[in-house]
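Undergrad: For reference, the structure I am asking about is given below.
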Amino acid sequence: MTLNGTKPRRSHRRLWVWLGYWFGLFVITHTPVVGGGRLSFDYADKIIHFTLYFLLAWLGGKYLFVAGQTPSTPRLIAYAGLFAGYAAFDEWLQQFVGRTMSLGDWLADVAGIILATFWLICRRRSTPIPEPPENVG
């Protein structure tokens with residue numbers, strides 16, 4: 001409920017979930033790793049990067065879908081480019097908090113973004129576009 005007693009719109013909730021996730025992702029990726037931070041299996045770090053950025057792109061796309069507009073394929077691809085740019089910036093910033101930049105981590109981020117974008121594009125194409133309401137005058 002909002003202050004005036006109405007329920008928040010679904011798109012507003014999705015927006016806050018997406019932005020909250022993005023903020024949490026920023027905090028996680030800029031927190032120094034204590035104790036070496038070695039994961040127990042090969043490529044675990046890359047799988048984590050892939051998953052985190054897949055979710056970032058997917059949540060952003062889900063927000064666009066409920067915000068009242070079905071995003072076009074070029075628009076989804078443009079958002080993927082923005083996320084990839086952010087992922088590069090994120091990797092670059094990590095050197096200032098005692099973490100290491102890695103091209104492999106960025107490529108895993110981008111792979112997650114690409115898969116999420118592809119999924120959203122396929123979903124957009126499979127979702128029927130509603131007919132515009134007729135003006136009754």
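What follows draws every value from the coordinates through simple rules; no lab data is involved. None of the values given here were measured: they were computed from a predicted structure. Cβ atoms come from the backbone with ideal geometry, glycine included; neighbour counts cover every protein chain shown.
Undergrad: Each residue of the stretch 48-55 in order: what ³J(HN,Hα) in whole Hz does its phi give by Karplus 6.51 cos²θ - 1.76 cosθ + 1.60, θ = phi - 60°, with x for Gly and Pro?
TA: Running phi through 6.51 cos²θ - 1.76 cosθ + 1.60 with θ = phi - 60° gives 5, 4, 4, 5, 4, 7, 4, 5 Hz.
Undergrad: OK, next. Once the other residues with Cβ under 10 Å from the Cβ of H30 are scored (Lys, Arg +1; Asp, Glu -1), what is the net sum?
TA: Details: positive: R99; negative: D90.
Residues close to H30 contribute a combined charge of 0.
Undergrad: Which semi-axis lengths, in whole Å and largest first, follow from the square roots of five times the eigenvalues of the Cα gyration tensor of the stretch 14-85?
TA: Working: eigenvalues 161, 38, 19 Å².
Rounded to whole Å, the semi-axes are 28, 14, 10.
Undergrad: May I pose another question? Which whole number in µm²/s is D for the stretch 53-120 by Stokes-Einstein, with the Kirkwood Rh taken over Cα pairs at 4 °C and 1.567 mPa s?
TA: Working: Rh = 12.4 Å.
Translational D for this selection: 104 µm²/s.
Undergrad: Where Lys and Arg each count +1 and Asp and Glu each count -1, what net charge lies around Y79 among other residues with Cβ under 13 Å from its Cβ? Could the numbers behind the result be given before it?
TA: Values: positive: K62, R75, R124; negative: none.
Local net charge: +3.
Undergrad: Counting only other residues whose beta carbon sits under 14 Å from that of L107, what net charge do I get with K and R as +1, D and E as -1?
TA: Details: positive: K46; negative: D45, D90, E91, D105, D109.
Spelling it out: positives minus negatives among the neighbours equals -4.
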